[in-house]
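Only one structure is covered here, and it is reproduced in the block below.
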Amino acid sequence: MPTLIITYLFLLGLALGSFYNVVALRVPAGQSVIHPPSRCGSCGTRLRTRDLIPVFSWLLAKGRCRHCGVPVSWLYPLGEAATGLLFVWTYLRFGLSGEGMLGLLLASLAVIVTISDLHSMLVPNKVLLAFLPLLAAMTFSVTDQPWWSHVLGAVAGGGILLVLVLLGGMGMGDAKLFALFGGVIGFPGVILAFLAACLLGTLIGGGLRLAGSIGRRQPIPFAPCLAAGTLLTWGYGSQIISGYLSLIG
């Protein structure tokens, strides 16, 4: 039975990941996620079923449009594969539980904002507003933290990033996103998520600069780091915090 569930969740994640790509790429551009149907961004040819199989179509076409041969962004298979893998991870970590359902929502938002930020350096307000009531309802229904922990997490998450926005080092989309993430993971988890995001951002930014891929003052998308830090905290935050406290105690 677990194998069947894992397989189902992975395939579901692949399929939803394909739709999340559409949301992440079209919403920042002010386009409908329904119309027009998927087309090649270069030649305009409408994509058929064989072109829309998550991950595999991209691999079989060697990362190029089957019709015109123009390279297709690696963000498409990334979003699809990441969603499938995160769905499986959520099940393995939380099982078929309320926390697991909340984890699927968090993973979905994480994928959308990651692809959107990598592609356009934007975290769309419409996406955050769509997830807000769902995450709020699930958070207060399934978690055992007191309500004030979630409120404080949202205030702390948004407040920390707002300071960085005012200092010119961050965008408002990141602040709104982390307020939403903070509301889910609560306090003090939001602090751990922020530290993990900063560490990840430093490693990635430093690596890209050493490799000469970006300039010294060139900004890097931070939403993927916030998403990774939040998922890490959601899955293992209590163990990490307890382990740290035991070390210093």
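Observations on the model:
- A 1.4 Å probe run over the protein chains yields, for the stretch 145-218, 53 Å² of accessible area per residue, whole-number rounding.
- Heavy-atom accessible surface of Phe56, to the nearest 10 Å², is about 120 Å², with a 1.4 Å probe and all protein chains retained.
- Of the accessible area of the chain, computed with a 1.4 Å probe over protein heavy atoms only, carbon and sulfur atoms account for 69 percent.
- The stretch 21-137 - accessible surface per residue (Å², probe 1.4 Å): 53
- Folded to 0 to 90 degrees: helix 147-166 orientation relative to the chain principal axis, Cα: 70
- For the stretch 184-199, 3J(HN,Hα) per residue [Karplus equation, 6.51 cos²θ - 1.76 cosθ + 1.60, θ = phi - 60°, Hz, x = Gly/Pro]: 7, 7, x, 10, x, x, 4, 5, 4, 4, 5, 4, 5, 5, 5, 4
- Gyration tensor (alpha-carbon) shape descriptor, the stretch 1-146, a/c threshold 1.5: oblate
- By accessible area with a 1.4 Å probe, ligands and nucleic acids excluded, highest first: order of Ile53, Ile160: Ile53, Ile160
- Candidates Leu16, Leu135, Leu208: whichever shows maximal mean-square fluctuation once the chain is modelled as a Gaussian network with Cα springs under 10 Å: Leu208
- Environment charge of Ile220, counting only residues whose C-beta is closer than 12 Å and scoring Lys/Arg +1, Asp/Glu -1: +1
- Semi-axis lengths, largest first, of the ellipsoid equivalent to the chain are 31, 23, 17 Å, with √(5λ) applied to each eigenvalue of the Cα gyration tensor.
- Relative contact order for the chain: 17 percent, from Cα pairs under 8 Å spaced at least 6 residues apart, divided by residue count.
- Degrees separating the helix 223-248 axis from the principal Cα axis of the chain, which is the longest one: 30
- Normalising the average separation of contacting C-alpha pairs (under 8 angstrom, six or more residues apart) by the number of residues puts the relative contact order of the stretch 121-249 at 25 percent.
- Amide H partners (placed H, <5 Å) of Arg64, local residues excluded: Val72
- Nearest 10 degrees, 0 to 90: helix 75-94 Cα axis against the chain principal axis: 40
- Residues with amide H under 5 Å from that of Arg39, placed H, sequence gap 5 or more: Leu47
- Note on the chain: GNM, Cα springs under 10 Å; of His67, His150, His119, the largest mean-square fluctuation is that of His67.
The values are calculated or read from the model by the stated rules, or taken from the named source; none is laboratory data. Quantities reported herein were computed from a predicted structural model and do not represent experimental measurements. Neighbour counts are summed over all protein chains in view; Cβ atoms, including those assigned to glycine, are modelled from backbone coordinates with ideal geometry. Ligands, DNA and RNA are excluded from the accessible area calculation, which covers all protein heavy atoms including side chains. Shrake-Rupley method; radii C 1.70, N 1.55, O 1.52, S 1.80 Å.
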